[in-house]
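The values are calculated or read from the model by the stated rules, or taken from the named source; none is laboratory data. Bear in mind that the values here come from a model prediction, so they are computed numbers and not experimental data. Reconstructed Cβ throughout: ideal geometry from the backbone, glycine too, with neighbour counts over all protein chains shown. Accessible surface areas use protein heavy atoms only, side chains included; no ligands, DNA or RNA. Shrake-Rupley method; radii C 1.70, N 1.55, O 1.52, S 1.80 Å.
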Amino acid sequence: RMDQALLLVHNALPAEGLRLSALSAACYQCSPQLLAFIPASNGSSRRTSTAAVAVDTQHPLTLQLDGFSENRALCKIHYHFGESGNYSLEVKIQSGSTQTVSCDLRVNEDPINSYRPILFAFLVYTGILALVIAGHLLMKIDPVRNWVCKRLNPRETERVINSEPGSPNREDSPSSDLSCQRLWSSIPRQRLRSLDTFRGLSLIIMVFVNYGGGKYWFFKHESWNGKLHFPTASSSRFVFIMGTSVSLSLSSMLRWGSSKKKVLLKILWRSFLLILLGIIVVNPNYCLGPLSWDNLRIPGVLQRLGFTYLVVAALQLPFTGIAAENVPVSCMPPPALQDILPYWPQWVFILTLEAIWLCLTFLLPVPGCPRGYLGPGGIGDFGKYPNCTGGAAGYIDQLLLGEKHIYQHPSSSVLYQTKMPYDPEGILGTINSTVMAFLGLQAGKIILLYKDQHKQIMSRFFIWSIVMGIISAALTKCSKNEGFIPINKNLWSISYVTTLSCFAFILLLLIYYLVDVKRLWSGAPFFYPGMNSILVYIGHEVFENYFPFKWKMQDSQSHAEHLIQNLTATTLWVLISYVLYRKRIFWKI
């Protein structure tokens, strides 16, 4: 099967059976798990006893052979098996000795290179990118641009870029030739394309990962504590940029004459719709039958986004429209704190929320679990707390929502063999997602405060990234499992939030520099799904199991086929968003 190899264990010991166990290097504080029993060989016929086992190839394994009768450890082997490889492990008594046992591992059949499809896909998309860049450069040549514009007769879309999303009037549209010329000319932009590009990049990576990511382990969510792979952290970046957009959108709505009461009602309505869409449309799998409350999952990605948006937007609304020029010079905060001190009530609220998270996480008594437990349960922590998955976070969800209304197959169930349901979008983690969105809101405040002062904006992004990185280093002790609060996406730990915010500030800085400052990149193709993010996210969830986003494979155990299918589905959503953009269709909630 995929991510497995065949291991043939040959026991040549005449009077002793063997017990083969394995421990994955990715499983923290786990005991070796039994793989197979290998009976003793037939000493009279000198025939070895053989057992065939499938071993995992995603992470290095430590194989342990113990004598079954005398319960003694015979040997340990640390090895990283290759996918679809065929291996033999020979256990025998060394020649000239009656006590020393040798364990020899050899390769019968070489493993396949399961990463070759990724390289091929990278080369294909790089080639497409090169062609697009070449076409873009050609369109900057006046004769070429004039020739193309006369034949394409494209619709006028640049006014949509430079204005707030909506349904622009067509009465004042320029001629088709002028419209085409404007698309390829350097004209001032009112809308920050970097924000839509950042959002679209995060969204498209999220779509690819949700569709399976070619079934590669590094495109999957970490089992528990773990490294931050760029693809699997896309949802947190989406939360971050949502906070950034809140600051800009509220300012825009008030600038166009909307009252704060009307804006608040819009915030409430939008939050309600996001939560409703998550519960009714995205969460249920209608292929399994009609919607039933008995096992309906209540938490979810859209639900978390809806609640987070509600808190952050309502928190920012009273402070929107406060102009710095209206503040007396004597009351102005120091330049280094201009984006912090005027909003001190917000910081008090956010720090209070974080204090609540810390108290509940580390002080709430959880039946049958140690106080402050942050582990995965199952076989983790040497199997001492098998039903304590997530500690207080899991307990609160089960207590308030019910065991049947949360996610039933957490990412820890494979490696740590957890049996308890656990929801990575649960109640307690939503507190820290609000903190993440608030840090994104901070980026939006910086953009509004410094407006077109690019150096100041980028320097503030960099400073905030450094601050978040220092906090993360202190919380984690720069280690995977040994810190005060490990980085954990399932828990949405505060160290996860600060670490991802550190990277988000840096990524936003780079995109802002390339797209809006130097204009070296238009943001394509990520800009287009960024302009229709809700439609793309809901659409990819609803149509996940339908052609052309999914089809029956000839070999379901092939990374290559899964990668082709997942990349095709993701690319289709990029193309759909581009067509919608050209048609000026934007679904806003």
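Quick notes on this one:
- The stretch 1-26 and the stretch 546-573: distance between their alpha carbon centers, rounded to Å: 34 Å
- Computed 3J(HN,Hα) for the stretch 135-142, one whole-Hz value per residue from the Karplus formula 6.51 cos²θ - 1.76 cosθ + 1.60 where θ = phi - 60°, is x, 5, 5, 5, 5, 7, 7, 3, glycine and proline marked x.
- Backbone HN-Hα couplings from phi across the stretch 20-28 [Karplus 6.51/-1.76/1.60, Hz, Gly and Pro as x]: 9, 10, 9, 9, 6, 5, 7, 8, 7
- Efficiency of FRET between Q557 and L364 - r from beta-carbon atoms, R0 45 angstrom, step 0.05: 0.55
- Between L74 and L65, D66, G67, the built amide H atoms are under 5 Å apart, and every one of these is 5 or more places off in sequence or on another chain.
- The label point for A25 and the one for R116, both projected 7 Å from the Cα toward the Cβ, are 2.4 nm apart.
- Segment I356-L448, extension gain: residue separation times 0.36 nm, minus the distance between their alpha carbons: 30.1 nm
- Rounded to the nearest 20 debye, the dipole magnitude of the chain is 1540 debye, with +1 charges on Lys and Arg beta carbons, -1 on Asp and Glu beta carbons, and the Cα centre as origin.
- Highest average packing first - 240-250, 519-529, Cβ atoms within 10 Å: 240-250, 519-529
- Contour minus Cα-Cα distance for V467 and V107 (0.36 nm per residue): 124.7 nm
- Calculated FRET value between F586 and Q408, using beta carbons and R₀ = 56 Å, to 0.05: 0.95
- Too-long pairs where the Cα-Cα distance tops 22 Å, listed order kept, from K220/K419; K260/K588; K150/K583; K455/K518; K266/K583; K451/K518: K266/K583
- Antiparallel beta bridges, as assigned by DSSP with both residues in the chain, represent about 85 percent of the total such bridges.
- Counted over all Cα-Cα pairs of the stretch 432-521, pairs farther apart than 22 Å make up 32 percent.
- Across the stretch 378-446, Cα-Cα distances exceeding 14 Å account for 63% of all pairs.
- Helical contribution to [θ] at 222 nm, DSSP H n ≥ 4, -39,500 (n - 2.57), averaged over the chain, rounded to 500: -14500 deg cm²/dmol
- Size of the chain as Cα extents on the principal axes (Å, biggest first): 97, 61, 50
- Projecting label points 7 angstrom from Cα along Cα→Cβ for W344 and V148 puts them 5.5 nm apart.
- Relative compactness, the stretch 1-123, computed as alpha-carbon Rg over 2.2 N^0.38 Å: 1.18
- Computed in the context of the full set of protein chains, the accessible area of the stretch 4-109 at 1.4 Å probe radius has 48% of its extent on carbon or sulfur.
- Amide H contacts for Q4 (H built 1.01 Å from N in the peptide plane; partners 5 or more residues away or on another chain; cut-off under 5 Å): T57, S84.
- Based on every Cα atom in the stretch 328-439, Rg and the maximum pairwise Cα distance Dmax equal 18.7, 62 Å.
- Considering only beta bridges that DSSP places wholly inside the stretch 4-109, some 85 percent are antiparallel.
- Label sites at W256 and E544, each approximated as a point 7 angstrom past Cα along Cα to Cβ, lie 3.4 nm apart.
- J(HN,Hα) series, the stretch 237-252, from Karplus relation 6.51 cos²θ - 1.76 cosθ + 1.60, nearest Hz, glycine and proline x: 5, 5, 5, 4, 6, 5, x, 4, 5, 4, 4, 6, 5, 4, 4, 5
- Fraction of alpha-carbon pairs over 14 Å apart in the stretch 211-258 - percent: 64 percent
- Other residues within the sphere of radius under 11 Å centred on the Cβ of D423, judged by their own Cβ, net out at -1 (K and R +1, D and E -1).
- Whole-number percent relative contact order across the chain, with pairs defined as alpha carbons under 8 Å at least 6 apart: 16 percent
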